[in-house]
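Only one structure is covered here, and it is reproduced in the block below.
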Amino acid sequence: MMAPFFKYGLFGDEVSLIVAFVTGIGFGFFLERAGFGNARLLAAQFYFRDLRVLKVMFTAIVTAMVGLFVLARIGLVDLSLVYLTPTFLVPQIVGGLILGAGFIVGGYCPGTSCVSAAIGRVDGMVFLAGMIGGLVGFAEIYPHIAAFAHSTPMGQLTLAQLFHIPYGVLVFAVVVMALGAFVAAEWAEMKIGGKQPDAGSLLAPTARLTPVRRFAVALLAIGLVAAFAGNPYRGPFARIDARQLALDAGSPADQVAAGQLADWLIAGRNDFLLVDVRDAAAFAQYHIPAALNVPLANLAADFASRNERIVVYGEGGTAAAQAWMLLRSLGYPAVHLLAGGLEEWKATVLFPKAPAADAPPIEQIEFARRSAMAKYFGGTPQCTGASAPTAPELPKLLPPPAAAPGATPVAQRKKKEGC
Amino acid sequence: MSASTETPPPAKPHMNPYWAGFGLGLVLLSAFVVMGRGLGASGAFTTALATTVHAVAPAHAEGNAFYREYLGDGTTNPLKDWLVFEVLGVFVGGFLSGALANRLRLTIEKGPRISTLGRLVLAFLGGALMGIGAKLALGCTSGQALTGGALLNVGSWAFMLCVFGGAYGLAWFLRREWL
């Protein structure tokens, strides 16, 4: 089994919206169950009267963290494919402080205000209106603060990488810290808020192993195992279905002709990723517009989602064929080869040869079409009569911002992940 | 609705926070496994806003780098977005839970020492701060704190500490609103 299912292409965008709706129902349901539709109960967190914000949040974090570690470690989930929002440290610290201020002033956060509005709380509805007002304001000032918003970039970074601690050890540490925080929270509720611990709390006045205590012990036990369980990330070893791969390798469906690729680029299709597997120097000299440079040796580095349709090409056919095999064994289901590679691209798209003067009209028309295509990509059609002793010159690459004609499919896509 | 003279059945007590958190954690885990992404909230409102602005003033929306990011290249409807559908689900899920626990009531949550108008003004103001903070931090309590927290994301943990810091830091000044 391969998860995340969506990234392995088990279902498409349309189905993902149904998944989104169902996930949202679960999310909203438990937020309301927890009492998070009530601003007064949320704010009680900050006066030590009722620390359920801390308890619910950290129980959820620990549950998902421990669960994901286990599923990744036994190989069911490829952890490197779970989206990690990139870190921009200073803007996130400032944003966090502003958001914290908004929390105590308004009483909600975006998710809880939806739940509160859904159960009829007028303050929740007004909070939502205020949030939209804030977003409008943010959009207007964005051009002036864009540089700050993108300052201190640290990339997609986990605490394990930052502190050079094994992932599993950190999982254990977070479990211990969360359980410690829960005990401290119940103690604070008792001392400051004057609340007596009930049967569902860790400090319940009984020696029995209550269900909540059992849950805590289970988390601790799994956390302890995680500390010694090793790396949850998929290693460099791929598992392949050799028979399926052999069948697909012989099939022409995995090949894209140069003319067809040119048509796709002209039409501005952005449902595929064009990957140039040559080295950076060759790529800098010339590449097909919109191509992404991922040299053969870097292909195993999770440069794209598994559900992405990928067209690979090299100089001729060999490197691309190796890339095809590698990507297929890494679990990319939709990998295509540019038939004949860059050589074929040059011959048919950039420098098409004119037919003989007495060729049938259909060939002349086809040549006219190809000539237009060649000009689109900056090439030159080759006339048969004229002597062409030297190889035709490759089109000059335009500097990146003034993108070559065609499209830059990756950059223009709608923001797909993150908030 | 039926006769309003009847007193509504009393609201049921809230769920034990640890079990609610466990449920929430399982929802989050299922999003990781099925989609390879976590939960979110604020992004849905940004997409809805960007789409609305684009419909009213297309040139303005296209000229703004912030809106553009949520509009895409025009090949797909921006509202056919994962977070938009997820947040629609949040409203439904919240309503269902509230209905099952007899908590559906048109009312305002506030402390006894603040006027209704005062509370609503602060709710609006808090919402506005939340919108700004969430965009600066690339996510809110759902997208950053919960999701990034479970993924041990550096920025999310820094963000989460600051959210608690900001709220605790101002709590004393706002005690009349809540206590």
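The values are calculated or read from the model by the stated rules, or taken from the named source; none is laboratory data. It should be emphasised that the depicted structure is a prediction, and the values quoted were computed from it without experimental measurement. All Cβ positions, even for glycine, are placed from backbone atoms using ideal geometry, and neighbour counts span all protein chains on display. Please note that ligands, DNA and RNA were not included when accessible areas were found on the heavy atoms of the full protein model with its side chains. Shrake-Rupley method; radii C 1.70, N 1.55, O 1.52, S 1.80 Å.
Quick look at the numbers
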read-out: Positive minus negative residues near A:Ile310 (Lys, Arg vs Asp, Glu; Cβ under 12 Å); value: -1
read-out: Separation in nanometres of the label points that stand 7 Å from Cα toward Cβ, at A:Val183 and A:Ala199; value: 2.4 nm
read-out: Simple label model, 7 Å out from Cα along Cβ direction - A:Arg269 to A:Val217, nm; value: 6.0 nm
read-out: Overall dimensions of segment B:29-175 as given by Cα atoms, namely Rg and Dmax in Å; value: 17.8, 52
read-out: Cβ-derived FRET efficiency at R0 25 Å, A:Leu296 paired with A:Asp241, nearest 0.05; value: 0.65
read-out: Degrees separating the helix B:154-171 axis from the principal Cα axis of chain B, which is the longest one; value: 40 degrees
read-out: Computed magnitude of the charge dipole of chain A (debye, nearest 20; Cβ of K, R +1, Cβ of D, E -1); value: 1340 debye
read-out: Virtual paramagnetic centre 7 Å along Cα→Cβ of A:Thr152, amide N under 14 Å, in segment A:87-110; value: A:87-98
read-out: Residue among A:Gly26, A:Gly331, A:Gly102 with the largest mean-square fluctuation in a Gaussian network model of chain A, springs linking Cα atoms under 10 Å; value: A:Gly26
read-out: Charge-dipole axis of the protein assembly as shown as Lys and Arg at +1 and Asp and Glu at -1 on Cβ define it, positive-most pick from A:Cys114, A:Gly331, B:Pro13; value: B:Pro13
read-out: Three-way shape call for segment B:78-121 based on the alpha-carbon gyration tensor, with the a/c threshold at 1.5; value: oblate
read-out: Karplus-derived HN-Hα couplings along segment A:269-283 (A = 6.51, B = -1.76, C = 1.60, θ = phi - 60°), whole Hz, x at Gly and Pro; value: 5, 10, 9, 8, 10, 8, 10, 9, 9, 6, 6, 5, 5, 5, 5
read-out: Pairwise label distance in nanometres, A:Lys353 with A:Tyr233, each label 7 Å out on the Cα-Cβ vector; value: 5.0 nm
read-out: By average C-beta atoms within 10 angstrom, highest first, the peptides A:60-67, B:117-124; value: A:60-67, B:117-124
read-out: Cα-derived Rg to Rh of segment A:72-155, Kirkwood definition; value: 1.10
read-out: Accessible area (Å², 1.4 Å probe, nearest 10) - A:Ser329; value: 20 Å²
read-out: Positive-end residue of A:Pro381, B:Asn77, A:Ala216, charge dipole of the protein assembly as shown with Cβ unit charges; value: A:Ala216
read-out: Cut-off 10 Å between beta-carbons: net charge of the residues surrounding A:Ala39, Lys and Arg +1, Asp and Glu -1; value: +1
read-out: Segment A:298-341: mean projected area of Cα convex hull, nm²; value: 2.7 nm²
read-out: Helix-only CD estimate at 222 nm, as mean residue ellipticity for chain A, using -39500 (n - 2.57) per DSSP H run (n ≥ 4); value: -16000 deg cm²/dmol
read-out: Prolate/oblate/rounded label for segment B:109-179 (Cα gyration tensor, a/c 1.5); value: prolate
read-out: Other-chain or far-sequence residues with amide H under 5 Å of A:Leu337's (modelled H); value: A:Gln255, A:Val256, A:Val312
read-out: Positive-end residue, segment B:109-179 charge dipole about Cα centroid, Cβ charges, pick of B:Trp178, B:Ile132, B:Tyr168; value: B:Trp178
read-out: Size of electric dipole in segment B:17-106: Cβ of Lys, Arg +1 and of Asp, Glu -1, about Cα centre, debye, nearest 20; value: 360 debye
read-out: Helix-only [θ]222 nm of chain B, DSSP H runs n ≥ 4, -39500 (n - 2.57) each, per residue, nearest 500; value: -20000 deg cm²/dmol
read-out: For chain A, alpha-carbon Rg over 2.2 N^0.38 Å; value: 1.31
read-out: Angle in degrees between helix B:17-35 and the longest Cα principal axis of chain B, rounded to the nearest 10; value: 20 degrees
read-out: Cα-based Rg and Dmax for segment B:17-106, where Dmax is the largest Cα-Cα distance (Å); value: 16.7, 49
read-out: Cα pair distances exceeding 18 angstrom across segment A:195-256, given as percent; value: 67 percent
read-out: Pairwise centroid distance, computed over Cα atoms, of segment B:77-129 with segment B:8-57, Å; value: 12 Å
